[in-house]
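Asker: Quick one: the structure is below, questions incoming.
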Amino acid sequence: MTKNHDYTEAQLIGSYKTSGDLEILGMLYKPYMHLVYGVCLKYLKDREDSQDAVMQIFEKLIEQVKKHNIDHFKSWLYVLAKNHCLMALRSNKYKKSKQQLEINEETMESSLLLHHKDEGELEDDLTKLEKCIETLQNEQKRCVELFYLEKKPYVNIAEQTGYELKKVKSYIQNGKRNLKTCMEKQSD
């Protein structure tokens, strides 16, 4: 088959199927490379990946053209390119989700190790905190417990205790400072 003569797609397909000549397949594929690239870019949304896919699709053609009866090469090639991209996306999604799962497992394992290692320290700190809360004046103790442990706002604490709003704020601020001082003394 001479290269400077115009052949129909059907003739090129037939000739390739009988000869297996990659130059003939190249003549068939070349006019549609821009179409294939466009399809790949649409799905893969990455220029380099799309360029790689154009070459991978040509490699697929080597076997696929021999296996199929192709009436309309352009539409058949479009479907082949689209399916190639969808499979690539599916494969990448699987790889990414698998990597994410491995990362999450590593993170959980390391945080569990930290958690178990720090468990004793946390228990000690809570014990110290309970002792320090007991050393506060009654007003400070009551306001600190309502604010930090029961998560009540200043207004509700004022209503519940009968203390003025300014006093509630002062008790909490002073109680917090006294707790910090007490905790530091316990650590020494």
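Nothing in this text is a laboratory measurement; each read-out follows from the coordinates by a stated rule. What you are looking at is a predicted structure, and each value in this text was computed from that prediction instead of being measured. Cβ: placed from backbone, ideal geometry, glycine included. Neighbour counts: every protein chain shown.
Asker: Rank 29, 40, 15 by how far each Cα sits towards the positive end of the charge dipole of the stretch 9-95 (+1 on Lys, Arg Cβ; -1 on Asp, Glu Cβ) and give me just the farthest.
Answerer: 40
Asker: Highest mean first, what order results for 66-75, 80-89 on Cβ atoms within 10 Å?
Answerer: 80-89, 66-75
Asker: So, with +1 on the Cβ of K and R and -1 on the Cβ of D and E, and no other charges, what is the size of the charge dipole of the stretch 9-95 about its Cα centre, to the nearest 20 debye?
Answerer: 400 debye
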